[in-house]
Each structure stands twice: as structure tokens, then as C-alpha cells.
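> Take this structure, written in C-alpha cells, and hold onto it; I'll ask about it next.
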Amino acid sequence: MKNTLRAVLAAATLALAACATAPQPTLAQRLGELFQQAMPLAELLDKAAAGDSIWPFSEKAFRALTPQHKACVRAALSGARVAQRQMDDALAYVKAHPNEVNAAISLLEKNGVAQALGSATRQLASGHVFSALDALRALDASQFEAATKLLLAPEHRELRQAMRLDWLLAPLTGGSASLPAPLADMLRECQLPVGAFF
């Protein structure tokens, strides 16, 4: 009996020690995960690439570009690269705004707003809705309130920039849409000729 009790206590001690030493996600990791939930770009890009052998090119551009250009674009727009970019953006935000990170995480977690924005993004990508406003209208009242606070409140401008949301919001706010950062990065990296996608 004593040996059994001793064995149980030893096993419990080892389990507690393992829990205590297991690495916990950092704030930057958690924020990056929320960025990815709210903007599931990696998932959408990989799905688009899997469903179309010449994506993201037109047939004309696909024929005209070199194999090196095509391979570079596919790699630059891969889900893995975009997911890493989102993690890097989260880390940059944490370094630039250390006192605001907990509030940013709380805002994105509130009422599942990151998941709700992710669902809205998928709805837009699938063509089930035709505008960001229509996608937002599909959220419940509490999600809509939290999402619009993130998307429109002046105090969250830096968070929106870190999430690369500003170019999506331009039609709602009357601004001019700049080229999305992943595409701008890809054009520079791959040195594509002018008009490659037209």
C-alpha cells in the first residue's frame, strides 16, 4: 500500500512539474494567433492555389512569365509565408506598444470577435456576400459592436495597421485603398514585369 501511494505521489509530482515547465504562449504568439483568426489569409491563399494550377495569374500572364517568376509568386503568396508575416506583425506591435498588448488581445477575444471577423472574411472570399459591410451585418449585436470598435475607433488605428486591415476598410471609410502588403512585398521580391497580372 505504501509503495502504491508512493508511486501515485511520484507520478503526480512529475505531472505537476511537466505542467510547470511546459512553455506558455507569449503575448506576441497569442496576438499573432488572433491576427490569423481574424484574417485567415493563409487558409484562403492555400485553398485558392490548390484549386487552380495557374493561380494567381491570368492565362495570358501565366504563358508570358518565366518559370522562376511563377515559382517566386507561388512561394511569396503561400499560406506559410503569410502566416509568418502575421506573426511578425504581431511581434512588431508588441514591441512598439507594450502597454497596449493586453487590451488588444482582450478586444480581439471579446465576444469571439476575431473568430467572427474570420468568418466574415471567409464569407467575402467565397462570394456569399459582396461587401465588407454585408459581412459585418451577419454578426450578432455584441460581435458587431466589438468589431466596429476595432475597425473604426481612432484609438485602435495602430492595431488595425498591424493587422493590415486599413486597405480592406478603405471603401467603408472613404479612403483610397493601397496595394495590400503581401502583394506589394511579392512584387518587390519577385521583380515582376509591369502588367504581370493584366
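> Count, please, the residues in region 59-74 that happen to be exposed (fewer than 11 other Cβ atoms within 10 Å of the Cβ) and closer than 9 Å to Leu192 by Cα.
0
> Determine whether region 157-165 contains at least one residue that is over 15 Å from the mean Cα position of the chain (by Cα), surrounded by fewer than 16 Cβ atoms within 10 Å (Cβ to Cβ) and either over 13 Å from Phe35 (Cα atoms) or not aromatic (Phe, Trp, Tyr) (or both).
yes
Matching residues to (1) under 18 Å from the mean Cα position of the chain (by Cα); (2) more than 26 Å from Glu158 (Cβ to Cβ):
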position	(1), (2)
Ala49	yes, yes
Ser53	no, yes
Pro56	no, yes
Leu65	no, yes
Val73	no, yes
Leu91	yes, no
Ala104	yes, no
Glu109	yes, no
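> Moving to a separate point now. Take Gly112 and tell me if it is buried (at least 17 other Cβ atoms within 10 Å of the Cβ), assigned to a helix (DSSP H, G or I) and free of Cβ contacts under 8 Å to residues at least 60 places away in the same chain.
In short, yes.
> Moving to a separate point now. Provide a single number: the residues in region 125-148 that are part of a loop (DSSP other than H, G, I, E, B) and of a type in the set (Ser, Thr, Tyr).
Adding up the residues that qualify gives 1.
> List pairs: first in region 31-49 and more than 13 Å from Arg164 (Cβ to Cβ), second of a type in the set (Phe, Trp, Tyr) and surrounded by fewer than 20 Cβ atoms within 10 Å (Cβ to Cβ), Cβ under 8 Å, 6+ apart or cross-chain?
Going by the 8 Å Cβ cut-off, the qualifying pairs are Ala48/Trp55; Ala49/Trp55.
> Can I ask one more? Return yes or no: is Leu151 crowded, with 17+ Cβ neighbours inside 10 Å, modelled with pLDDT of 90 or more and assigned to a helix (DSSP H, G or I)? Outline the logic, then answer.
Values: crowded, with 17+ Cβ neighbours inside 10 Å: yes; modelled with pLDDT of 90 or more: no; assigned to a helix (DSSP H, G or I): yes.
Criteria not met by Leu151.
The values are calculated or read from the model by the stated rules, or taken from the named source; none is laboratory data. Fair warning: this is a prediction, and the values are worked out from it, not measured in the lab. With ideal geometry, Cβ positions are generated from the backbone for all residues, glycine too; neighbour counts draw on all protein chains shown.
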